[in-house]
Structures are given as C-alpha cells and as structure tokens.
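The values are calculated or read from the model by the stated rules, or taken from the named source; none is laboratory data. Remember, predicted model here, so these are calculated numbers, not experimental data. Cβ atoms come from the backbone with ideal geometry, glycine included; neighbour counts cover every protein chain shown. When the accessible area is computed, the model is the full protein with side chains, heavy atoms only, and any ligands, DNA or RNA have been set aside. Shrake-Rupley method; radii C 1.70, N 1.55, O 1.52, S 1.80 Å.
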Amino acid sequence: MPSLGKSGAEGAVGAVTSSGAVRLRAAVRRVPRALYEELWAAPADRVPRMEEPNAPVWRPVFLVLLVIASAGVAVVRTGELTPYGAPVSGLAVLVAVAQSAALVAGMSRPVGAWWSMTALTVVALLLTVAAAPRDHADRWPDGLPMSPDLLYPTPFAGTALQAGALFLLALRVPRRRAALALALSLAPTLFAALRTPPLPQVSLPVAGLVLATAVVVGAALRSLRLARKDLVVQAELTAEERARRTLLEERNRIARELHDVVAHHMSVISIQAQVAPHLVEAPSDALRENLSGIRENALEALAELRRVLGVLRSEDAPARGDDTRHAPQPGLDGLDGLLTTVRSAGLAVTASTTGEPRPLPPGVELSAYRIVQEALSNVMRHAPGATAEVTVAHRPAGLTVRVVNSAPEHPADPSPGVRHGLLGMRERAAMLGGELAIGPTPEGGWEVTALLPATHATTTTTEEAR
C-alpha cells in the first residue's frame, strides 16, 4: 500500500478541514431560515371557538384570571426594573406593562407573544446591565453601598412572565418547537450569568428549572388534549361505522327475506308453466314452446337470484339451523303467535284489525310483521311497565300498522347494543315506497305508524312495461 508523503498528508487534512468549514457555514446560514419556519411561519394549534361544541368551557375564566395576574405581576416587575431609592421611570413601567400585555396576548397568538416577551426580556436585561455599578465604591446618599443586590432584587416576576409565555406556547405547538423556544429563552439569562462582572441576582439554574418546567407542563397538557381529541374522533368514527354496519346488516336481512319471497313466486311460475300444457286439450307446438321458455326463464332467474343472494344466507349459517333458514317468512297471519310470545314475556298488549282483510304481497306482510316485532321489542326494552296496543288497518291503498305504548312506570335501565332498530323499520317502509312516522305521544308514551302501499310493486312493474 503506497504511503502518503508529508505534503500529501497535510493536503488531505486541509481538504477535510475546508470541507468541514463549508458544511459549518452552510449550517449557520440555514439557522435563520429554520428559526423562521419553526418559530414564526408554522402555525400553532387552532383553539375552538366558543360556539363550537368542543370549545373549552374554562377558557373565559382562565383569561380573566390571567389578566388579573398579569396586572399584579406588572406592578412587581416595575419594582424590579427600578433601582433602589430611585423614582419609578417611565421606561420601567412601559417594559413591565408590555411584558404583561404580551403574556395576555399569548392566549390567542402564542408565537408572536413569545417573541415579544423574549425581545422585552432582552431590553429589560440591557437596562439592568446599564444601570449596574462597576464597583462597590459608589454609595447612595443614605450610606448604603451601590451594589447590584440592592439595585435590583431577584427578578422572579420577569422569570414568571417568561415562563408563562413559554407555557402558553407549549400548549399550542409541537414539542420540538417548544424545546427550541426554551433554548432561545435561556440565551439572555445565560448571557447575564456569564458576563464579567456577573449580576448576582441572575441565577441560570433557577431560571432554567422554571422555564423548563413550564415547557414540560405545557407540552404534557397539549399531548393530553390531543389524545382526548383523537379519542373523541375515534369514538365518532366508531359510532358511524357501527351505524353503517347495522344498516348493512338490516339490508342484508331484508335481502335474504326478499330472496325467500321472490324465490317462492318464481318456483310457482315454473311449476305453473310446466303444468299448463296438460290443462289444455291438444296444445299447439307454439304454446308448448312459449310455456317451456317461461319455465326455463323462471328457473334461470331463480338460479341467478340464489347465486347472488346465497352469500347473504350463508353468512349466518353457523348461528342458524337449516330448519330456520328454510322456514317460510312470517306474515300477518303470524301476528297472533308474536303477540302470544310478547305477552308471555310480561308485556300487556292488545291487538285490533280494521277494514276488510284481503290478500297482500308477501313483502308487505313480511315488512308489517317485522315492524310490529321491532316496535314491541323497543317497548319491552325502553318502557318497563307500559302497555301496548297494535292496530292493523286494511285500506284500499295499502296497509297501516300502528303500535302505541303508554308511559313507562319507571326509567329503563341502560341497555347494551347498537340500538338501531329504527333504521331497519325505515328501510323496510322505504323499500316498499311507504312512510314511517315515529315520535312521542302527549300521554308520555311512544308511537310507531307505518303506511305500506299494497300496489307499489304492481304499479312499478306496469310503468316499467310502458
């Protein structure tokens, strides 16, 4: 391996030194830009308006207390900036009032208020340094030595104001920006502590501890606020997802029940098309061909329907037996059994039927049965001790189902679950082109009324044919 000569080694060291100096100068040039982006251009967290639902209710009280505390600290700060035995100067009052105003402004503009507080702290420090005596030979008229300890007491008010500005800043900005602001806030104190001769009333450890504590507490409260906000957002998303899932489950259930109803009719059409040629004497070949085509189309449609909706039926196969899955869907003739079951559970319910009963589409009867079932379930769940009345009215335009319960005897216990049965009832009524009205009664009970048109499916098919 060839060795480098003395001149070559010196050249390599010079090249490394030159490269390091270039990188250092580039880093120094980037400092103002970084400070501008981190501590000026980047926005702070937005505080909710008072009329918004998530607005903090304590903010007006905190603002009033902050104004009162700032006024009191301004008086103390004026004394700190006034030399011993000297009259109060207008400059000291101006600096103290400006620092207190900057602290109050931190409630709405924390970044600008912190910069103002830092600049005023530097101004106050320069006033202190300019007024400090050079030695202990000078004395006041009363004979006391003109020492810095007597000129300016410990500036706890100035440190408190700076800590307050940092606290309000840390509440609204990320931890990285708060730490950078803390480092810049300690710079004036570090300068005063290291100057020659040093100012005895400036304590770098005490100031650093107070300012760091303010930043840590503010950052912790901000993290807690963001965590609670995320929790609220997550809870809202969970509730929306739960409602959407419940709605989809109810729609799937309706689809499964419609599958049973439609499959029944398609099977009947297929059987009738197969039997029809035997009911006609000497049927023609065209008639046989048309009836055969009807039967084939019905079977093909039935197979396609089962293929599309078969997945919906298989989702709850483990929880439901085959007998339940293939059982006929209930209708109005099943209301007596439903009312018997409800009465056995302890609910006093009466039923009445008005109008002349007539055959209705299976979908209308199924929806009416499910609406009554869900309404009575809600009575038992949310109205303990109440009585219920079920009215089924047959009208020329369709069917009216009304379930009314009296006022509960006592408040219901909180019940777990998603409690989105109203969505299912609305979906069933909307599917048939009907209406659903839900609301309290003047007596303190609850009423569910569904209007289900009986001719919706026929009318729709006729219009489509036209």
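Please compute the modelled spin-label separation between GLU409 and GLU389, points set 7 Å along Cα→Cβ, answer in nm with one decimal.
2.0
Counting Lys and Arg as +1 and Asp and Glu as -1, what is the net charge of the other residues whose Cβ lies under 14 Å from the Cβ of TYR36?
Every neighbour counted, the sum reads +2.
Residues of segment 69-124: accessible area per residue at 1.4 Å, in Å²?
In whole numbers, segment 69-124 has 42 Å² accessible per residue.
In what sequence, largest accessible area first, do MET107, MET117 appear using a 1.4 Å probe?
Solvent-accessible surface, decreasing: MET107, MET117.
What FRET efficiency would be calculated for the residue pair ALA71, LEU209, taking the C-beta separation as r and a Förster radius of 22 Å, to the nearest 0.05?
Plugging the Cβ-Cβ distance into 1/(1 + (r/R0)^6) gives 0.25.
Figure the gain on full extension for ARG242 and LEU94 (residue separation times 0.36 nm, minus the Cα-Cα span) and round it to one decimal in nm.
Gain on stretching ARG242 to LEU94: 47.4 nm.
Provide the net charge surrounding GLY218, with neighbours chosen by a C-beta distance below 11 Å and charges set as Lys +1, Arg +1, Asp -1, Glu -1.
For residues surrounding GLY218, the net value is +4.
Heads up, I need the accessible area for MET431: 1.4 angstrom probe, whole protein in place, Å², nearest 10.
70
What does the net charge come to around SER116 if you take all other residues with beta carbon closer than 15 Å to its beta carbon, with K and R at +1 and D and E at -1?
Every neighbour counted, the sum reads +2.
Could you work out how far apart the two model spin labels at ASP230 and THR441 are, taking each label as a point 7 Å from the Cα in the direction of the beta carbon, and quote it in nm?
5.0
Could you work out how much longer the chain between ASN252 and ASP45 gets when fully extended? Use 0.36 nm per residue separation minus the Cα distance between them, nm to one decimal.
Gain in length upon complete extension: 70.2 nm.
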